[in-house]
Amino acid sequence: MRRIARLTKAKRLTATALASLLLLTGCSDGDGGGRDADGKITLRFQSLAWQKESVDANKELVDEWNATHPDVRVEYVQGSWDSVHDQLLTSFEGGEAPDIIHDASDDLADFAYGGYLTDLRELLPARLRSDIPRRSWGTATFGEGVYGVPFLQEPRVLIANEKILKESGVRIPTPEKLWSWPEFRQITKELSGGDGKRFGVAWPLKDPVSATLNLGLSAGGQLFHRDAGGKAKVRFTEGDAVVPGTIRDQVNTDKSASAATLGMGGSDTLPGFFGGKYAMVPLGFSYRQQIVQQAPEGFEWTVLPAPAGAGGPAQGVSPQTLSIAEDSPYKKEAMEFIDFFLRPANMARLAKGDWMLPTGTAALKDPALRTEKDGWATGTALAEHLVPAPAQSVRGYPEWKDKVATPAYQEYYSGAIDAGELEKRLVEDGNLVLARYQR
């Protein structure tokens, strides 16, 4: 859903496209940078909320702020995950960026290093700083600065057909006693029909890189390592091989995973899941909303934690973030709105609206986020183990992902190349790409 584009792409936009995008972002006419004739301030908040519940929660909070802050009005601007990177870059270069920016931590590196975002360290209120754990702050830290407030996150979980699990008699994992990766492989074999009509698992890997890397942390993988000088390099270890090796074996050796789903997105697998073709599907936590809305009447499903290995239940995430544009003349007021927007009760509202987990420890205590219904309790039990995605702050990662890792993983999972060739491409070809960004 999030698109990371290279900096040069937006620079090639025509003047007409640039003007159109600036209009869409609600650019001002340059008469004081957001201050009205009567001295009142208007802050533009670009939100990427897209589900109705989430959009409603965002707009309600903006309205609540405006009702109690007549001198600092917030204008809600609707953005889109599909085009946010190019759109933001264009608005930054045109001097018309929103004051408050909703994005994801894995999209911030170019903007942070490029000087487009404010270092928030001196602006963060003590309450917000202490409420969000250090591991979450790490997702928005680039160099010495903090360039976003992480507030929503989602682990990858196993959505399972409860009827098939019960009939099979397999051990059901819990957050306290997870499946190991070898156990998970064996169980998917047991859940398969053996006739090609039912598979133990469907891996929707249209975008294979983030899923592989983030789950790889549970097996002790890291892939990206920094030398004494701080430069990132790719190094493929035994831990990095566990998750991709398991998936490849399920697809090509055990036939317990459907090869047809490797090119699918998560939503594409749901009809087959509802029809009993797949016993389990690894999906982001927020997919539960689609399942609630789309599952046929009487369909029984449950949420299971992902398997683990040497790294325990650790999993990489790239939380949604709120940042402040470096060019905003009202940084203090923008942070005051962010502090209001992310009060514990408000953060919990936003999490429920997006079917995700809040990063804040106070918001996580909300009883509605700890119920067994719809798997909320399983997600909150995993929250303390969510850490920055391995490639979070690696410059050159988007090109490495697009040109090197995506085709390499896709060919490996399909059986077209072996483990040695996968490692060679990720490491040798990958480090050539990263080196260009770290000279």
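Quick notes on this one:
- As a length-normalised measure over Cα pairs under 8 Å and 6 or more apart, the relative contact order of the chain settles at 23 percent.
- The heavy atoms of Glu326 present about 80 square angstrom of accessible area, all protein chains included, probe 1.4 Å.
- Using a Gaussian network model of the chain in which every pair of alpha carbons under 10 angstrom is joined by a spring, one finds that among Gly353, Gly420, Gly316 the greatest mean-square fluctuation is at Gly420.
- Debye equation applied to the C-alpha atoms of the range 337-433, log10 I(q)/I(0) at 0.14, 0.15, 0.16 Å⁻¹: -0.73, -0.76, -0.78
- Using just its DSSP H runs of length 4 or more, each adding -39500 (n - 2.57), the chain gives a mean residue ellipticity at 222 nm of -10500 deg cm²/dmol after division by all residues.
- Computed over the range 235-352, the ratio Rg/Rh where both radii use C-alpha atoms and Rh is Kirkwood: 1.09
- Along its three principal directions, the equivalent ellipsoid of the range 49-150 from the Cα gyration tensor extends over semi-axes of 22, 19, 15 Å, largest first.
- 0 to 90° range, to nearest 10: angle between helix 331-341 axis and the chain longest Cα axis: 50
- Charging the Cβ of each Asp and Glu at -1 and of each Lys and Arg at +1, and nothing else, the dipole of the range 93-227 about its Cα centre rounds to 1020 debye.
- Using distinct alpha-carbon pairs, which all enter the 1/r mean, Kirkwood radius of the chain in Å: 22.8
- C-alpha long axis of helix 181-191 to longest principal axis of the chain, angle in °: 60
- Nearest-ten-degree value, helix 15-24 long axis tilted from longest Cα axis of the chain: 90
- Gaussian network model of the chain, Cα within-10 Å springs - most flexible of Pro155, Pro173, Pro296: Pro296
- Cα-centre dipole for the range 186-232 with unit charges at Cβ (Lys and Arg positive, Asp and Glu negative), debye to 20: 60
- Two-decimal log10 I(q)/I(0) for the range 151-225, as the Debye equation yields it once each C-alpha is a single scatterer, q = 0.13, 0.16, 0.20, 0.27 Å⁻¹: -0.50, -0.74, -1.08, -1.45
- Residue (of Ile338, Ala260, Thr141) at the positive-pole extreme of the chain, dipole from beta-carbon charges: Ala260
- Average accessible surface area per residue within the chain, 1.4 Å rolling probe, Å²: 42
- Highest-fluctuation residue, Glu167, Glu336, Glu53 considered, GNM on the chain with Cα pairs under 10 Å: Glu167
- Pairs of Cα atoms farther than 18 Å apart, the range 145-194, %: 45
- About the centre of its Cα atoms, the range 307-431 shows a dipole size close to 500 debye [charges on the beta carbon of Lys, Arg (+1) and Asp, Glu (-1) only; nearest 20 debye].
- Solvent-accessible area of the chain (1.4 angstrom probe, protein heavy atoms only): carbon and sulfur portion equals 50 percent.
- Here the range 77-135 yields Rg over Rh of 1.00, to two decimals, using C-alpha coordinates and the Kirkwood radius.
The values are calculated or read from the model by the stated rules, or taken from the named source; none is laboratory data. What you see is a predicted model, and the numbers here were worked out from it, not measured in a lab. Cβ sites come from the backbone with ideal geometry, for glycine too, and all protein chains shown count toward neighbours. Quick note on the areas: whole protein, heavy atoms, side chains included, nothing else; ligands and nucleic acids left out. Shrake-Rupley method; radii C 1.70, N 1.55, O 1.52, S 1.80 Å.
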